[in-house]
Amino acid sequence: MKKLEPEIIDYYNSEVIQMIVEKYGYSPMEALRAFILSQTHEMLEDEACGFTSFGAGAILEIWEAEKITGDPRNSVYIREE
């Protein structure tokens, strides 16, 4: 797996974590932990997954799909229909 540049990952971390804090009322540390330990974040780090074509809002939606269904691939941004 080829990982994305740290600056790109940091950008997404910052944006998505802030959205989780605002939307769900998590503390910044809780949001960081929830996002960093997710499959969504693992896929984000993998350059081959192509998540950089999505904005931070889409990454949040993918993370939410994972939290609801257990699999980030159930997101409308990933699944093929």
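Among the residues of the range 10-68 satisfying the criterion of being of a type in the set (S, T, Y) and surrounded by fewer than 18 Cβ atoms within 10 Å (Cβ to Cβ), which is farthest from I78 (Cα to Cα)? Step through it out loud before you land on a result.
First, the residues of the range 10-68 that are of a type in the set (S, T, Y): 11-12, 14, 24, 26-27, 38, 40, 52-53.
Still in the list and also surrounded by fewer than 18 Cβ atoms within 10 Å (Cβ to Cβ): 11, 14, 24, 26-27, 38, 52-53.
Numbers: Y11: 21, S14: 22, Y24: 23, Y26: 26, S27: 28, S38: 16, T52: 13, S53: 12 Å.
Among residues in the range 10-68 that are of a type in the set (S, T, Y) and surrounded by fewer than 18 Cβ atoms within 10 Å (Cβ to Cβ), the one farthest from I78 (Cα to Cα) is S27.
Each row is one residue, and each column tells you yes or no for (1) modelled with pLDDT under 95; (2) within 18 Å of S14 (Cβ to Cβ); (3) in a helix (DSSP H, G or I); (4) among the polar types (S, T, N, Q).
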| position | (1), (2), (3), (4) |
| --- | --- |
| L32 | no, yes, yes, no |
| F35 | no, yes, yes, no |
| H41 | no, yes, yes, no |
| L44 | no, yes, yes, no |
| T52 | yes, yes, yes, yes |
| I59 | no, yes, yes, no |
| I62 | no, yes, yes, no |
| K67 | no, no, yes, no |
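Look through R73, R79 and report the one residue that is outside any helix (DSSP H, G or I), touching a helix residue (DSSP H, G or I) at 6+ places or on another chain (Cβ under 9 Å) and open to solvent by 30 Å² or more (accessible area, probe 1.4 Å).
Working: R73 fails: outside any helix (DSSP H, G or I).
Sole residue among the options that is outside any helix (DSSP H, G or I), touching a helix residue (DSSP H, G or I) at 6+ places or on another chain (Cβ under 9 Å) and open to solvent by 30 Å² or more (accessible area, probe 1.4 Å): R79.
Within the range 1-16, track down each residue that is farther than 15 Å from G55 by Cβ and out of contact with any strand residue (DSSP E or B) (no Cβ under 9 Å at 6 or more places or on another chain).
Within the range 1-16, E5, P6, E7, D10 meet the criteria.
The values are calculated or read from the model by the stated rules, or taken from the named source; none is laboratory data. Because the structure is a prediction, the values reported are computed rather than measured. Every residue, glycine as well, gets a Cβ built from its backbone with ideal geometry; the counts of neighbours run over all protein chains shown. Protein only, heavy atoms only, side chains kept; ligands, DNA and RNA dropped before computing areas. Shrake-Rupley method; radii C 1.70, N 1.55, O 1.52, S 1.80 Å.
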